[in-house]
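This report refers to the structure that appears directly beneath it.
Any read-out appearing in this document is the output of simple, stated calculations on the displayed coordinates, not a laboratory observation. Fair warning: this is a prediction, and the values are worked out from it, not measured in the lab. Positions of Cβ are generated from backbone atoms using ideal geometry, with glycine treated the same way; all protein chains shown enter the neighbour counts.
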Amino acid sequence: MTGIFVNFNGTSILQLMSFFLLMYLLIKYLYRPFLNLVDQRRNDIQDEYEKAEEARKDAKESKKKSEFQLQELDEKISKMYNEAKERVKKYEESGKARIQKEIESTMEKARREIVEERLRAEESLKAKVVTLVITLTSRLIQKDLDEKLKREFLMSQLSKLGEENEK
């Protein structure tokens with residue numbers, strides 16, 4: 001009796017064996033190499049991803065190093081700027097001190113010249129006074145006047161001398 005669904009004969013067995021042989025060949029020569037190819041591709045992608053992650057970390061570290069170096073450079077520039085500022089300030093102060101010394105030296109020289117000129121003027125005045133006194137005395141002697149006239153004459157001569165000195 002043959003069933004409706006299952007009918008076994010020699011052709012069915014041969015077809016079944018052909019199917020299993022085809023399955024075996026497909027698995028052995030097509031499916032496994034395909035799986036190996038997929039695994040290899042997955043490994044390649046994983047390696048590339050790891051390399052990209054490593055490159056990203058390296059870039060991050062490089063960025064940090066660059067920022068640190070930039071900060072150090074900024075500090076050096078700031079330090080150099082402050083040093084230059086201090087040098088300029090010291091130069092200005094030394095220039096001011098030098099100018100102040102020159103001014104003081106010039107002032108001292110002018111004071112000495114004034115004192116010397118004053119001494120010369122005093123000496124000249126003394127000489128004139130002595131000359132005047134001698135002149136007045138000689139005139140007094142030449143005039144034979146009484147004492148009152150001599151005093152008046154002397155006072156008038158002294159007032160003239162005072163007027164001349166004021167001019």
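Simple rule: put +1 on each Lys or Arg Cβ and -1 on each Asp or Glu Cβ in segment 8-129, find the dipole, and look at 29, 59, 94; the Cα lying farthest toward the positive end is 94. Kirkwood radius, segment 56-154, all distinct C-alpha pairs, inverse of mean reciprocal distance: 21.8 Å. Between residue 82 and residue 99, the contour length at 0.36 nm per residue exceeds the Cα-Cα span by 3.6 nm.
Springs between Cα atoms under 10 Å define the GNM used for the chain, and in it the highest mean-square fluctuation of 12, 124, 156 occurs at 12. Please label the shape of segment 1-80 as rounded, prolate or oblate, based on the square roots a ≥ b ≥ c of the eigenvalues of the alpha-carbon gyration tensor (a/c under 1.5 means rounded; beyond that, a/b larger than b/c means prolate, else oblate). Prolate, since a/c reaches 1.5 and a/b exceeds b/c. Coordinate range of the alpha-carbon atoms in segment 61-115 per principal axis, descending: 79, 5, 5 Å. Mind sorting out which of (i) 202, 26, 14; (ii) 49, 32, 28; (iii) 56, 42, 24 is the real Cα extents along the principal axes in Å computed from the coordinates? Computed from the coordinates, Cα extents along the principal axes in Å corresponds to (i). Estimated purely from DSSP H runs of n ≥ 4, each contributing -39500 (n - 2.57), the mean residue ellipticity at 222 nm for the chain is -33000 deg cm²/dmol once divided by its residues.
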